[in-house]
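The values are calculated or read from the model by the stated rules, or taken from the named source; none is laboratory data. Predicted model only: the values in this text are computed from it and were never measured. Here Cβ is always computed from backbone atoms with ideal geometry, including for glycine, and neighbour counts include all displayed protein chains. Keep in mind that these areas ignore ligands, DNA and RNA; they rest on the heavy atoms of the full protein, side chains included. Shrake-Rupley method; radii C 1.70, N 1.55, O 1.52, S 1.80 Å.
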Amino acid sequence: MRRIYVFFISLPFLLNINLSQVYGQDTILFPLKIKVGLEVSGPVIYAINKNNLIAEGFISADISEKYAAVLNAGYADYNYSQYNYEYLTNGIFVRAGTDINLLETKKSMGKYWVGTGLRLGISHFSSEVPVFAEDTYYGIVTSSVPVRKDWVSFFEFSPGVRAEIFKNFSIGWSVSIRMLLYSTTNKDLRPIYVPGFGNSSKLISAGMSYFISFNIPYKKIRVITRKEVPEETEETVNPGNSDNRQQGTGIRQ
C-alpha cells in the first residue's frame, strides 16, 4: 500500500517533467501579462505648444502568447488659428480591439512585441469657429459658427514595436492608419480635427504614437514550440510493400 500511495503522489510531477518527452514536443512556460500604459508624445507636444492637448492611456490583457485584448481611451483639446479664423474642438475617444504578436514565442517570451494592432474607434466631440473674417466687395465681414456636437467611428490598423527594457517596464511606438467609417458631421463644413482620429478632411488619417507601460504578470501557460515530426519508415513511404511481400510469400508456398 505504501508503494502505491507514493506512486500516485509522484504521478503529477512525473507527468509534468516528461510531458514533452511523451508527446515528442518542446514546451516553454510563457507569462501572460496585464499592461497599463500612457502615450507620451501628447504631453510633450503640449509642453512645447500650449494650444493642443492630447492625453491617452491604454490597458491590455494577454489572452495567449500571440493575442491580447486592448482598450485605449483619451481626451483631446485642439485649437487652430489662421489670419482670418479660429477653430476649437475638444472631446473624448475610445478604441478597442486586439494586438497580434508576430514574433516567435521563444523570442518574445512576454518581453518583446513586433506586430500589429486592429481597433474599432469612436469619438464624441464638440467643435466651433468663434470668429472668422471674409474680405468681400463691401469690406471685411466677420461671423462665427456655433458649437456643434458630433460622433465619428473609424477603423485603425497600427503596426509597431515594444520592448521590455527593465523588469515589467516597456517602451514602444506604433504607426496608426485610420479609416473613417461613419460621421455625423456636416459634409459641407467638416471639422479640421477629430479627437482620436485626426484630420477629418480625408477618409484616411495617419499618425504616430509612443508608449510606456507597466506590466503585471498574472498567469503562466505552457506553449508548444516544436512538434516532433514522425520518422519515415519503409512501410510509411511505401505502404503497399508489406502486402506485396505477403502475397509473394503465399505464392511461393
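A few notes on this one:
- Additional length obtainable on full extension of the chain from A96 to F157, 0.36 nm per residue less Cα span: 20.8 nm
- Using a probe of 1.4 angstrom and keeping all protein chains present, the accessible surface of region 40-104 works out to 54 square angstrom per residue.
- Once both labels are positioned 7 Å from their Cα atoms along Cα-to-Cβ, the gap between L103 and L38 label points is 2.4 nm.
- Using a Förster distance of 35 Å, the FRET efficiency for A47-D26 (Cβ separation, nearest 0.05): 0.10
- Cα-derived Rg to Rh of region 53-185, Kirkwood definition: 1.17
- Within-15-Å neighbourhood charge of S108 [Cβ basis; K, R +1; D, E -1]: +3
- Theoretical gain in end-to-end length, S81 to R148 [0.36 nm per residue, Cα-Cα removed]: 22.3 nm
- Separation of alpha-carbon centers, region 85-112 and region 147-176, rounded to whole Å: 3 Å
- Paramagnetic reach from A133 (point 7 Å along Cα→Cβ, amide N under 18 Å) across region 62-101: 80-88
- Charged side chains reduced to their Cβ positions (Lys and Arg at +1, Asp and Glu at -1) give region 82-151 a dipole of some 680 debye around its Cα centre.
- Apportionment of accessible area to carbon and sulfur, region 68-124, percent (1.4 Å): 61 percent
- Members of K35/K202; K167/K219; K106/K219; K149/K187 lying beyond 25 Å, as alpha-carbon distances in this model show: K35/K202
- Extents of region 164-226, largest first, come to 55, 27, 20 Å (Cα atoms, principal axes, whole angstrom).
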